[in-house]
Amino acid sequence: MNYQETTIWMFNQLPMYQHQGASAYKKDLINIQLLIKHLDNPHQNLKFIHVAGTNGKGSTSHMLASILKEAGYKVGLYTSPHLRDYRERIKIISPESSEEISEDFVCEFIESNKSFFESNAISFFEMSVGLAYAYFAKEKVDIAIIEVGMGGRLDATNIITPLVSVITNIGFDHTQFLGNTLGAIAAEKAGIIKANIPVVIGEYTTETKNVFLVKANENDTEIYFASDLIQENPASDLIGDYQIHNKKTVLQTIRVLNTQSDFKISPDNINSGLLNVVKNTKLMGRWQQLADKPKTICDTAHNKNGLEIVLNQIQKEKFNQLHLVLGVVNDKDLNEILPLFPKNAIYYFCKPNLPRGLEATILQSKASDFDLKGNTFDSVSKAYAAAKNSAQEDDFIYLGGSTFVVAEILS
């Protein structure tokens, strides 16, 4: 199979949470342990940073990779989901270049292990994790930064022993799997905390802090609350308001690396890394500006905590009329997120192009209950085209509600 055929097989033949929802969720680590043994345990000779959390995992992981690149290290970076091409999930960020995994390696990996995947019902996410670990081992990276897919305790990435574990924050997302209280969700995320491995917590509440303290104590590990320990807010090319918290998490993680490992990262490496995240790692979709007149921003924020910050940042902008291209997936709690949106905006409701996408007419109907008015469109691109056609130069266009809305715009 060529690359296109290979990825089509991966997406269509195997359960994948981002497309199917609940049917792709695995309730144990048996399959990934079976797979990683089949692959001769490529993770065992790698050094890792493990990053969990409700929001900010991707930005935090990319910032860390950029800083480590500036410090001269070869970094493996595993994140999800992708926006345009599957290969965005697995990258090598080195002083020389930033490269996605090659099409050939993906094809060869799938072809070589396809019968094993099929006979053992290996999921899309499990095979992706195995692929990343195998690739990073082959490339002999100095360190690999691994973003958790969902939760932590039962996530397929959670078979590693990292140098430091990171939990960015806790909010309400994937509650059907992780629990419907912040304490329950925090307990799932805290499942990445390992014995004697330091853990950095980005943001916390009274409820979640106690969960983290108990778990750290059980594992006899040092715990660092970045929001209490870090006062600096260095400049970065990631300019979303929410990046303030992510930067504190990153700075504390670098402190831990510097004091508890052989890695040496200077203040200059940190400053340069934060200023060149997009250049160094090709990160997309974080308060990303698509046009100037009218100013047009897309962002992957998709749950209450993330959207609240982004919508507040929009209100700080100067504009005449706000145009909102909005699409969501069908398991989103609309009663939780729709009250956040401004009533004085013009809405362009659309359905992300995947099975889990919520029909635009349903979104429109539910939005009208909250006095949010607008038309429906057959696709994200048509909704965006209509917004551009309607907006004046001094207006503001925002595209979001789902990672997959942003993915279609950037494709």
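The values are calculated or read from the model by the stated rules, or taken from the named source; none is laboratory data. Keep in mind that this is a model prediction, so the values were computed, not measured. Note that we place each Cβ from the backbone using ideal geometry, even for glycine, and neighbour counts take in every protein chain shown. Just the protein is used for accessible areas: all its heavy atoms, side chains included, with ligands, DNA and RNA removed. Shrake-Rupley method; radii C 1.70, N 1.55, O 1.52, S 1.80 Å.
Remarks
- The share of C-alpha pairs in the range 93-238 whose separation exceeds 20 Å stands at 59 percent.
- Relative to the current alpha-carbon distance between S368 and E139, full extension at 0.36 nm per residue lengthens the span by 77.2 nm.
- Shape annotation for the chain: C-alpha extents along the principal axes are 55, 51, 43 Å, from largest to smallest.
- With q set to 0.32 Å⁻¹, the log10 of I(q)/I(0) for the range 295-344, from the Debye formula over equal scatterers at the Cα positions, is -1.64.
- Full-stretch length increase - Q33, E99 - with 0.36 nm per residue and alpha-carbon distance subtracted: 21.0 nm
- Ratio Rg/Rh, restricted to the range 167-264 and using Cα atoms, in which Rh is the Kirkwood radius: 0.99
- Taking a straight Cα-Cα cut-off under 18 Å and skipping sequence neighbours fewer than 8 places away in the same chain, the lysines within cross-link reach of K248 are K57, K209.
- At R0 = 25 Å, FRET efficiency that the Cβ-Cβ distance of L213 and S261 yields, to 0.05: 0.60
- Per residue, the Cα convex hull of the range 263-351 amounts to 160 Å³.
- Surface share of carbon and sulfur [accessible, 1.4 angstrom probe, percent] for the chain: 46 percent
- Compared with the direct C-alpha span, the chain from N312 to M1 gains 107.3 nm at full extension, assuming 0.36 nm per residue.
- Using alpha carbons only, the radius of gyration of the range 281-411 set against its Kirkwood radius gives Rg/Rh = 0.92.
- Antiparallel %, DSSP beta bridges [both residues in the chain], to 5: 25 percent
- Cα principal axis extents for the range 37-156, largest first, Å: 42, 31, 30
- Distance between the pseudo-spin-label points of N375 and L290 (7 Å out from Cα toward the beta carbon): 1.7 nm.
- Applying both filters, DSSP loop and at most 16 other Cβ atoms within 10 Å, to the trypsin sites (Lys or Arg not before Pro) of the range 254-307 gives K264, K282.
- Environment charge at E96 (Cβ cut-off 11 Å; Lys +1, Arg +1, Asp -1, Glu -1): +1
- Paired Rg and Dmax values of the range 215-316, which use every Cα atom, in angstrom: 16.3, 55
- Computed across the range 352-411, the Kirkwood hydrodynamic radius from all distinct Cα-Cα pairs reaches 12.5 Å.
- Given the chain, longest segment not containing exposed loop GluC sites (Glu not before Pro) (DSSP; at most 15 other Cβ within 10 Å): 97-221
- Positive end of the dipole of the chain (Cβ unit charges, origin at the Cα centre): among N344, G152, S379, the Cα lying farthest that way belongs to N344.
- Computed on the range 252-411, with alpha-carbon pairs under 8 angstrom and 6+ residues apart, the relative contact order is 29 percent.
- Near F404, once Lys and Arg are set to +1 and Asp and Glu to -1 for all other residues with Cβ below 12 Å from its Cβ, the sum equals +3.
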